[in-house]
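Inspection log for the structure reproduced underneath, given as structure tokens.
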Amino acid sequence: MEIVAVLALAGFLYGGASFCVPRARKDALDFPAATGPRFMGLCAGVALTTSALVGFPESAETGAVLRGWIAGAMFVAVPQGLAVLRRRFAHQWEVAGFCSVRSIMVRNMAMALLVFPAVALCEQTLLRGAWPVPGPAAVGLQWILLFPRGRRSAVEGVIPCAFMGGLHMATGSVWMVIGAHAALQTLTGRLGTAGLFGDAYALGEQINWRNLCPAWQQALAEVAVGVCLCLFL
């Protein structure tokens, strides 16, 4: 009963922050507000408070987080790199027309080092640290969280959710999954849940990056690199 009460309190906190606090849109015109100190502080504060309520995973492992972040970055970079080599991609960095490059870089560094890791810690603590559930169940729960954002988000999140589940089963480290989650969110935003955490402005969304390769090729590349990472990490 105690964990149910804690989860209910965490849900109330997140719901209140998501629906009662005005938030900027993720577009070039609102970039300063969407990546400003007010938003970053709110997002990180809610994430860390929720994690503290549920209980942080034991024995923090900085090295595991870093390895997980590198694995997540590779999971994103390899399919996109193949698109670049085949010259089948498009992007439009409209944000650069409204802010200086220095300001963009500083804001993105703050998001990458504070907001996205805090969000990843919160969500993975809830999914894999709050109670003992089988690995496939955690994968399913994380995937279900994507549905409120729409069918497209759910479809795009199938393989990343499975990748993180495989990473957890292969390594047994929640901290490595947290690092991978943070990398995926920083670079793509594909795992953003509905509400406050889904409003964090990922790098791929800022530059409107699009992989123009057929969907089946993208999926095959992601599955291949995900399997390799889980086997050899």
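Of the helices (runs of 4 or more DSSP H) lying entirely inside region 128-199, those containing at least 2 residues that are small (Gly, Ala, Ser), at negative phi and surrounded by 24 or more Cβ atoms within 10 Å (Cβ to Cβ) are 174-187.
Within region 97-127, the residues that satisfy the criterion of being among the hydrophobic types (A, V, I, L, M, F, W, C) and exposed (fewer than 14 other Cβ atoms within 10 Å of the Cβ) are Val101, Met105, Val106, Met109, Leu113.
The rows are residues; the columns are (1) farther than 16 Å from Arg210 by Cβ; (2) more than 22 Å from the chain's Cα centre (by Cα); (3) not in a helix (DSSP H, G or I).
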site: Ala71; (1), (2), (3): yes, no, no
site: Val76; (1), (2), (3): no, no, no
site: Pro79; (1), (2), (3): no, no, no
site: Arg87; (1), (2), (3): no, yes, yes
site: Ala96; (1), (2), (3): yes, yes, no
site: Ile104; (1), (2), (3): yes, no, no
site: Asn108; (1), (2), (3): yes, no, no
site: Ala112; (1), (2), (3): yes, no, no
site: Val115; (1), (2), (3): yes, no, no
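Each residue in region 1-44 was checked for being over 15 Å from Thr125 (Cα atoms), within 19 Å of the chain's Cα centre (by Cα) and either surrounded by fewer than 18 Cβ atoms within 10 Å (Cβ to Cβ) or basic (Lys, Arg) (or both), and 10 of them qualify. Remark: Ala120 falls outside the filter, which requires a residue to be more than 11 Å from the chain's Cα centre (by Cα), in a helix (DSSP H, G or I) and closer than 24 Å to Leu233 by Cα.
Only residues that are out of contact with any Cys (no Cβ under 7 Å at 6 or more places or on another chain), hydrophobic (A, V, I, L, M, F, W, C) and either under 20 Å from Val6 (Cβ atoms) or not in a loop (DSSP other than H, G, I, E, B) (or both): list them for region 25-47, please. Can you show your working first?
Taking region 25-47 as the starting set, the residues that turn out to be out of contact with any Cys (no Cβ under 7 Å at 6 or more places or on another chain) are 25-30, 33-46.
After this cut, where a residue has to be hydrophobic (A, V, I, L, M, F, W, C) as well, the list is 28-29, 33-34, 39-40, 42-44, 46.
Correct list: Ala33, Ala34, Phe39, Met40, Leu42, Cys43, Ala44, Val46.
Go through region 187-230 and give me each residue that's of a type in the set (D, E, K, R), farther than 21 Å from Leu85 by Cα and either within 10 Å of the chain's Cα centre (by Cα) or modelled with pLDDT of 90 or more (or both). Across region 187-230, the qualifying residue is only Arg190.
The values are calculated or read from the model by the stated rules, or taken from the named source; none is laboratory data. The structure displayed is predicted, hence computed values, not measured ones. All Cβ positions, even for glycine, are placed from backbone atoms using ideal geometry, and neighbour counts span all protein chains on display.
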